[in-house]
Structures are given as structure tokens and as C-alpha cells.
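What follows is one structure encoded as C-alpha cells, with my remarks underneath.
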């Protein structure tokens, strides 16, 4: 074999070996970066006296990475808690995207909001939730239902019909 043939075969071998190695590395990382089931992102109140109280939990039935720090969720649920641990409100949606760095969630689909005591119910299409400012924005087709009697503790009116 001449020298050019040996160099050409060496380059082909080196290229094939590199491609094989990179394929194995990418396949080995795929399960780690792909996604999974039962997503959970807990967010805590600032610690006082060494005790961390749960403030908000973002959960999802299934998740997958969209980019670094951005995760797509199916069946997401955001539950907010008072410092004593009781549930304050719950948001559910068919799908959303969560930024785990800024702790924001947004989605273009239907959203359902309700208080834990069932006194207030909101629904709409499209939302943005920002943990840092405790802000929930519903963007389109918003419907609000308020249980006035439960909210004001007013006595129930009797019907005047015979």
C-alpha cells in the first residue's frame, strides 16, 4: 500500500470511530434529557427559625425538556399554600411550560383556578403565573364565579314563591 492510501484509510477509520463515539455519548445522555413522569417543583417561603414552609408546588403528569431550564408539562397543577400549610388556591390546565430558573409558568390552553374554600372560581384561555410577584394573569375568554353568600356569610334568602 502506498502512503496516500494508508493516510486515507486512517482518516476514514478515525472519522468512523469519532462518529461511533459521539453516537454512543448522545444515546447515553438521551434518557437523562428526554423527560419523564410525575414532575414536581416545590417552592418554599423564606426560612424562619430554620423551618422551611412550603409556599407553592408545581406538578405535572408528564414532562420533557424544551431548552435549558424550560420544561413542557402535561396536566400541570399549581397549588399555593399559606404559611401554616393549608391550601390557598389551585390552578390546573391541560398543558403549560415552566421556567425552573424564574419559576414562571405559562400556557396557551384552558386554565381553571379555584380557591381552596370554593368561594372563587376562574376559567380562561391562556395564562402566565409568576412566582416572584405572586401574579396570575388569565388572558382570554375569562369567566369568574363568586359565591356571594359564602364570601359575605350572608343568610340564604328564602324563596317567596308559594
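The values are calculated or read from the model by the stated rules, or taken from the named source; none is laboratory data. Everything numeric here is computed off the predicted structure, so don't read it as measured data. Here the Cβ is made from the backbone with ideal geometry for all residues, glycine too, and neighbour counts use every protein chain on show.
Below, the figures for the structure above:
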quantity	calculated
Enumerated strands (runs of 3 or more DSSP E) restricted to segment 38-91, each holding at least 2 residues that are farther than 15 Å from residue 131 by Cα	54-67, 70-74
Members of segment 105-162 found to be at pLDDT below 90 and at positive phi, listed by number	118, 134, 153
Filter pass, residue 50 being modelled with pLDDT under 90 and surrounded by 12 or more Cβ atoms within 10 Å (Cβ to Cβ)	no
Residue that is nearest to the chain's Cα centre (by Cα), among those in segment 76-93 that are surrounded by 15 or more Cβ atoms within 10 Å (Cβ to Cβ) and without any contact (Cβ under 8 Å) to a residue 24 or more places away in the chain	77
Test: residue in segment 117-132 that is in a loop (DSSP other than H, G, I, E, B), closer than 22 Å to residue 44 by Cβ and out of contact with any strand residue (DSSP E or B) (no Cβ under 9 Å at 6 or more places or on another chain)	no
Candidates 56, 102 - the one that is farther than 20 Å from residue 38 by Cα and at pLDDT below 95	102
